[in-house]
Amino acid sequence: MLLFFICFLPIKVNASLCVMDTDTSRLLYSESPHEKRLIASTTKVMTALVVIKNVDNLDKEIEITDSVLKSFGSGIYVEVGEHIKIIDLLYGLMLRSGNDAAIALALEVGGSNEGFALLMNEYASSLGMKNTNFINSSGLEDNNGNGNTSTCYDMALLMSHATKNEKLMSIMSTKHHTVQTDTKYYDWYNKNKLLSLYKYTTGGKTGYTEKAYRTLVTTASKDNKNLTVVTLNEADDFSKHQNKYEEYFKKYKLVNIIDSKTFLKKEGLSVKEDFDMLLSDGEINKVKVEVNYTNDAKNRVGYATVLLDGKEYYRTDIYEQEKSVGFFTKIKLFIKNLFH
């Protein structure tokens with residue numbers, strides 16, 4: 001008698017993972033960071049940014065057209081002829097991943113799906129997202145299996161940039177939102193479970209299609225440290241994000257590199273802001289601050305750059321203090337810089 005044994009082995013998922021310092025866009029850890037992948041509904045971070053950038057009045061009401069009938073997958077189920085505010089469509093877009101909301105917003109702002117995709121790609125290019133291409137506002141694949149593509153690194157750049165937009169961060173960090181339109185009442189809870197699982201989470205966006213699998217972009221802040229984590233094609237994404245946050249919050253210290261109260265004060269110069277940087281113990285002594293003197297602007301005498309392993313992560317202008325710096329002092333500073 002023959003016995004057959006079937007061994008069920010766990011399927012290895014070839015995922016992309018990035019951990020980024022949100023403030024400097026420095027990649028702290030990565031796995032396949034530049035591999036192009038479908039990104040599903042994490043697309044909607046860019047969709048929201050383009051809408052916010054191009055709409056002056058987010059409280060404007062728009063009428064839903066029959067274009068939303070083309071939507072499938074996740075939705076907020078708006079109806080043709082219904083009137084709803086753009087801001088509420090943004091909440092539906094980010095909290096419930098509404099593909100119908102994505103279509104309505106794209107037509108309102110871009111005039112067409114193609115017009116809106118053009119705005120998305122222009123924005124991506126301005127952020128240095130070199131391996132990204134958007135074809136729609138939702139992240140769904142078309143009938144030929146084509147969809148929005150990007151990389152873990154590019155999406156981390158996007159999400160880090162998104163943290164500078166207070167309106168979008170307010171929306172993404174919202175756990176519960178209700179809406180009353182002229183025809184319906186909506187009661188939405190955020191699909192981003194990390195907001196409840198990990199108390200330091202400040203925002204994010206989930207995504208899923210069968211072809212892209214699970215995608216997730218999130219941000220978190222702890223002890224004034226700000227991190228962005230992105231996973232593409234990752235099965236255990238929420239746990240992975242939480243674990244990476246804890247690991248890298250612990251591994252990296254927030255180090256003051258430029259203190260605006262003391263930096264170059266003896267030379268009669270000043271900078272406007274402090275600069276702090278996340279550094280591991282082994283990196284602290286590798287950071288360099290270079291001072292370059294110029295004479296190309298009123299009261300501006302140069303600039304300072306912060307470098308790590310030869311790469312620039314910060315630049316700030318240097319100004320004269322109220323007591324002006326004389327000609328001979330400038331010559332002295334210039335000579336000093338030559339031998340720095």
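Laboratory data are not the source of any read-out in this text; all were calculated from the coordinates shown. None of the values given here were measured: they were computed from a predicted structure. No Cβ is skipped: glycine too gets one built from the backbone with ideal geometry, and neighbour counts run over all protein chains shown.
Every helix of 4 or more DSSP H residues in the chain counts as -39500 (n - 2.57), and over all residues that averages to -8500 deg cm²/dmol at 222 nm.
Label-to-label distance for residue 321 and residue 131 is 4.8 nm, based on points extended 7 Å past Cα in the beta-carbon direction. Each peptide in 21-30, 98-107 was scored by the mean count of other Cβ atoms within 10 Å over its residues; highest first, the order is 98-107, 21-30. Computed from Cα atoms, the angle from the helix 99-110 axis to the main principal axis of the chain rounds to 50 degrees.
Taking the Cα centre of the chain as reference, the dipole from Cβ charges on Lys and Arg (+1) and Asp and Glu (-1) amounts to some 1300 debye.
When the inverse distances between all different Cα atoms of the range 1-158 are averaged and flipped, the Kirkwood radius reads 17.1 angstrom. To test your reading of the geometry: what angle, between 0 and 90 degrees and rounded to tens, separates the Cα axis of helix 113-126 from the longest principal axis of the chain? Its long axis makes an angle of about 30 degrees.
With R₀ fixed at 22 Å, the C-beta to C-beta distance from residue 290 to residue 266 puts the FRET efficiency at about 0.80. Length gained on full extension, residue 58 to residue 239: 61.7 nm, using 0.36 nm per residue less the C-alpha separation.
With the contact rule set at Cα under 8 Å and sequence spacing of 6 or more, what percent relative contact order holds for the chain? That works out to 16 percent.
In this simple spin-label approximation, residue 85 and residue 223 carry label points 7 Å from Cα along the Cα→Cβ vector, and these lie 4.0 nm apart.
Under 5 Å from the amide H of residue 39 lie the amide H atoms of 148, 150, each residue being 5 or more positions distant or on a separate chain, with H modelled from the backbone and absent for Pro and chain starts. Only Cα sites of the chain enter the Debye sum here, all with the same form factor; the resulting log10 I(q)/I(0) across q = 0.16 1/Å is -1.26, listed in q order.
As an equivalent ellipsoid, the range 78-158 spans semi-axes of 23, 14, 13 angstrom, where each value is the square root of five times an eigenvalue of the C-alpha gyration tensor, largest first. Take the alpha carbon gyration tensor of the range 224-273, find the square roots of its eigenvalues, order them as a ≥ b ≥ c, and report rounded if a/c is under 1.5; if not, report prolate when a/b exceeds b/c, else oblate. Prolate, since a/c reaches 1.5 and a/b exceeds b/c.
Once the Cα atoms are used to define both axes, helix 44-54 deviates from the longest principal axis of the chain by about 70 degrees.
Normalising the average separation of contacting C-alpha pairs (under 8 angstrom, six or more residues apart) by the number of residues puts the relative contact order of the range 36-165 at 31 percent. Placing R0 at 22 angstrom, the Cβ-Cβ distance between residue 199 and residue 254 gives a FRET efficiency of 0.70 after rounding to 0.05.
Placing unit charges on each Cβ (+1 for Lys and Arg, -1 for Asp and Glu) gives the chain a dipole about its Cα centre, and among 295, 147, 195 the Cα reaching farthest toward its positive end belongs to 295.
With a point put 7 Å past each Cα toward its Cβ, work out how far residue 146 is from residue 77 in nm, to one decimal. Taking the two extended label points, one gets 3.3 nm. For the range 109-242, the calculated P(r), taken from all Cα-Cα distances in 5 Å bins from zero up to the bin holding the longest distance, is 2, 9, 16, 20, 21, 17, 10, 4, 1, 0 percent.
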